[in-house]
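Let me begin by presenting the structure, written as structure tokens, before commenting on it.
The values are calculated or read from the model by the stated rules, or taken from the named source; none is laboratory data. No experiment lies behind these values; they were computed from the predicted model shown. Glycine gets a Cβ as well: all are built from the backbone with ideal geometry, and neighbour counts include every protein chain shown.
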Amino acid sequence: MLLRKVYGRKFIQISVHLSEKERRKNLERTIALSNPNLSPSSCAEAAETLVETDMYERSDVHGQRIEEVFHMGDTFIHGRNEESISRTIDRFVQAFFGKNSISPNKDEYGAYMAASASLRSLDLARQVGAAVFSSKGEIIALGCNEVPKFGGGTYWTEDDDPHRDYDDGIDVNRT
């Protein structure tokens with residue numbers, strides 16, 4: 001978040017993911033190579049500490065809190081192997097610099113549709129969207145967190161008497 005505040009729109013975030021098990025194994029291997037005198041259990045313990053610190057570092061105001069920023073990435077890379085990493089970064093850089101022949105993949109399109117669905121709600125606290133796709137990339141369902149309308153459905157701008165929290169001046173998050 002600090003880098004995004006400092007650099008604004010010039011900041012590009014690349015979010016790389018692996019399963020927690022794979023991250024731990026990689027860290028254990030790296031720690032063991034750097035510290036040959038450590039026992040395997042000590043390497044595992046050190047790896048666990050690092051993973052937890054990266055996820056939830058609360059002791060430092062500018063510490064790492066991966067769970068709060070990962071989803072804000074401009075691109076997402078599966079860190080499984082170098083070929084996949086290289087292919088994804090190359091594709092992102094080409095698209096970033098205007099190559100028009102690059103279209104979104106299924107995951108990117110799904111994330112876009114979910115983000116778009118979230119904007120259906122006027123209440124910022126309710127702006128959560130979901131998109132369910134088939135394995136072929138076809139939309140099965142879109143949804144958002146909006147106030148339900150009496151009798152079914154949800155309120156729309158053109159409704160005569162909407163009773164959304166926003167319209168009634170209610171902030172359900174205020175205590």
Exercise for review: Determine whether segment 137-155 contains at least one residue that is among the basic types (K, R), under 25 Å from Q13 (Cβ atoms), without any contact (Cβ under 8 Å) to a residue 24 or more places away in the chain and surrounded by 10 or more Cβ atoms within 10 Å (Cβ to Cβ).
Suggested key: no
Practice item. Give L33, L18 a once-over and let me know the one that is in the same structural domain as F92 (by TED's automatic domain parsing), surrounded by 13 or more Cβ atoms within 10 Å (Cβ to Cβ) and of a type outside the set (K, R). Key: L18
Exercise for review: Scan segment 87-105 for residues that are more than 19 Å from the chain's Cα centre (by Cα) and among the polar types (S, T, N, Q) and jot them down.
Suggested key: Q94, N100, S101, S103
Check your understanding: Does segment 56-68 contain any residue that is exposed (fewer than 11 other Cβ atoms within 10 Å of the Cβ), outside the structural domain of E108 (by TED's automatic domain parsing) and in contact with a helix residue (DSSP H, G or I) (Cβ under 8 Å, 6 or more places away or on another chain)?
Key -> yes
Review point. Which pairs have Cβ atoms under 8 Å, sit 6 or more apart or on different chains, and link a residue in segment 84-98 that is at pLDDT 95 or above to one that is among the aromatic types (F, W, Y) and not in a helix (DSSP H, G or I)?
Key: none
Review point. If you go through segment 102-114 one residue at a time, do you hit one that is in contact with a Gly (Cβ under 6 Å, 6 or more places away or on another chain), surrounded by 11 or more Cβ atoms within 10 Å (Cβ to Cβ) and not basic (K, R)?
Key: yes
Practice item. Return yes or no: is S42 surrounded by 14 or more Cβ atoms within 10 Å (Cβ to Cβ) and not in a helix (DSSP H, G or I)? Key: no
Review point. What do you reckon, is F76 closer than 29 Å to Y112 by Cα, of a type in the set (F, W, Y) and either outside any helix (DSSP H, G or I) or assigned by TED's automatic domain parsing to the domain that holds A115 (or both)?
Key: yes
Exercise for review: Determine the pairs where a residue that is within 18 Å of F76 (Cβ to Cβ), located within segment 106-129, has a partner that is β-branched (V, I, T) and surrounded by 16 or more Cβ atoms within 10 Å (Cβ to Cβ) with Cβ atoms under 9 Å apart, the partner being 6 or more residues away or on another chain.
Suggested key: E108/T75
Check your understanding: Does segment 117-124 include one or more residues that are exposed (fewer than 14 other Cβ atoms within 10 Å of the Cβ) and either over 30 Å from D54 (Cα atoms) or aliphatic (A, V, I, L, M) (or both)?
Key -> yes
Check your understanding: Could you say which residue among S41, S59, S34, S15 is of a type in the set (G, A, S) and under 30 Å from V132 (Cα atoms)?
Key -> S15
Practice item. Please specify each residue of segment 129-161 satisfying the condition of being modelled with pLDDT under 90 and among the β-branched types (V, I, T). Key: V147, T154, T157
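So that you can scan it fast, the table gives a plain yes or no per residue for (1) assigned to a helix (DSSP H, G or I); (2) under 19 Å from the mean Cα position of the chain (by Cα):
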position: D107; (1), (2): yes, yes
position: A130; (1), (2): no, yes
position: F150; (1), (2): no, no
position: D165; (1), (2): no, no
Exercise for review: Can you tell me which residue among V51, V69 is modelled with pLDDT under 90, of a type in the set (V, I, T) and in contact with a Leu (Cβ under 8 Å, 6 or more places away or on another chain)?
Suggested key: V51
